[in-house]
Amino acid sequence: MEIHDRISQGIQHGVNRHWRYTKNLLQIKPEYLLTISVADALSEGIANIHGIDLTIKLEEPTRSISFNLMSNAIGLREYFKMLRHKVARHGKVDIFVESEKDCWIVELKGFDPSSVEINKDLVRLTEFLSANDWSNNCQGAFLAFPTLIDQRVRLERMVATHLGDTHTLMATVHSDKVWTDEDPEDGIPVYYTNCISLTASTRIGA
């Protein structure tokens with residue numbers, strides 16, 4: 001199963017968990033449940049990589065990820081000789097996935113994030129992908145979230161604006177409609193999972 005499908009699967013599990021917890025009056029942030037659920041889904045494996053061969057880290061600091069990308073791209077000796085790769089927005093990334101040679105970065109948002117929130121994460125994910133002049137071991141960076149209505153056209157426009165005229169960065173928007181069988185008065189009868197996939201056209205091993 002492709003990674004964007006695993007992410008969508010995880011979001012669905014997370015939404016189901018959140019609604020159950022909400023019914024029980026427990027105050028738990030939906031983003032936390034989405035993170036745990038998506039990590040669970042990714043642990044089942046992605047593409048042709050078995051889950052047992054993946055290391056999944058939650059709330060990974062941006063500095064650690066930058067170190068991983070650069071040290072794997074150029075080696076430790078060269079890494080300590082050059083200027084560090086900087087990411088403008090510090091903090092932590094929701095999910096960082098590693099295999100023996102490759103890695104993936106996943107950011108998650110709750111329902112219906114604003115355009116400002118989406119753009120901030122697109123910028124940071126692009127900064128990760130650009131490490132070592134776009135040649136590193138990150139096979140993809142993903143921004144995923146649920147929405148109450150179909151937002152695919154809006155998201156595609158936002159992504160096109162973000163890409164501009166660059167040919168170095170590629171992006172795809174995946175959207176899936178999810179029926180919950182809930183009555184409108186009891187929950188959300190239908191919603192959409194959205195996953196924006198970013199990849200660099202130049203990567204190690206490409």
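Among the residues of region 162-182, write down those that are crowded, with 16+ Cβ neighbours inside 10 Å and not in a strand (DSSP E or B).
Hits for region 162-182 are 162, 163.
Just to be sure I understand the filter: pairs with C-beta atoms under 7 Å, separated by 6 or more residues or on different chains, first member in region 38-51 and farther than 14 Å from residue 13 by Cα and modelled with pLDDT under 95, second member open to solvent by 10 Å² or more (accessible area, probe 1.4 Å) and of a type in the set (Val, Ile, Thr). Which pairs pass?
46/3; 47/3
If you go through region 141-161 one residue at a time, how many are open to solvent by 80 Å² or more (accessible area, probe 1.4 Å), touching a residue at least 24 places away in the same chain (Cβ under 8 Å) and hydroxyl-bearing (Ser, Thr, Tyr)?
So the count comes out to 0.
I'd like the residue in region 65-80 that is open to solvent by 50 Å² or more (accessible area, probe 1.4 Å) and at pLDDT 75 or above and, out of all such residues, is farthest from residue 100 (Cα to Cα).
67
Among 106, 116, 153, which is under 24 Å from residue 6 (Cβ atoms) and either assigned to a strand (DSSP E or B) or modelled with pLDDT of 95 or more (or both)?
So the residue among 106, 116, 153 that is under 24 Å from residue 6 (Cβ atoms) and either assigned to a strand (DSSP E or B) or modelled with pLDDT of 95 or more (or both) is 106.
Might you let me know whether region 92-112 holds any residue that is surrounded by fewer than 21 Cβ atoms within 10 Å (Cβ to Cβ), hydroxyl-bearing (Ser, Thr, Tyr) and out of contact with any strand residue (DSSP E or B) (no Cβ under 7 Å at 6 or more places or on another chain)?
The answer is no, given that none of the residues of region 92-112 is surrounded by fewer than 21 Cβ atoms within 10 Å (Cβ to Cβ), hydroxyl-bearing (Ser, Thr, Tyr) and out of contact with any strand residue (DSSP E or B) (no Cβ under 7 Å at 6 or more places or on another chain).
So which residues in region 98-131 are under 10 Å from the mean Cα position of the chain (by Cα) and within 17 Å of residue 14 (Cβ to Cβ), if there are any at all?
106, 107, 108, 109
I'm trying to understand the selection: among the residues of region 120-138, which are out of contact with any helix residue (DSSP H, G or I) (no Cβ under 7 Å at 6 or more places or on another chain), of a type outside the set (D, E, K, R) and buried (at least 21 other Cβ atoms within 10 Å of the Cβ)?
Those that are out of contact with any helix residue (DSSP H, G or I) (no Cβ under 7 Å at 6 or more places or on another chain), of a type outside the set (D, E, K, R) and buried (at least 21 other Cβ atoms within 10 Å of the Cβ): 125, 129.
The values are calculated or read from the model by the stated rules, or taken from the named source; none is laboratory data. Predicted, not measured: the structure shown is a model, and the values here were computed from it. Note: ideal-geometry Cβ built from the backbone for every residue, glycine included; neighbour counts use all protein chains shown. Surface accessibility is based on the protein's heavy atoms, side chains included, excluding ligands, DNA and RNA. Shrake-Rupley method; radii C 1.70, N 1.55, O 1.52, S 1.80 Å.
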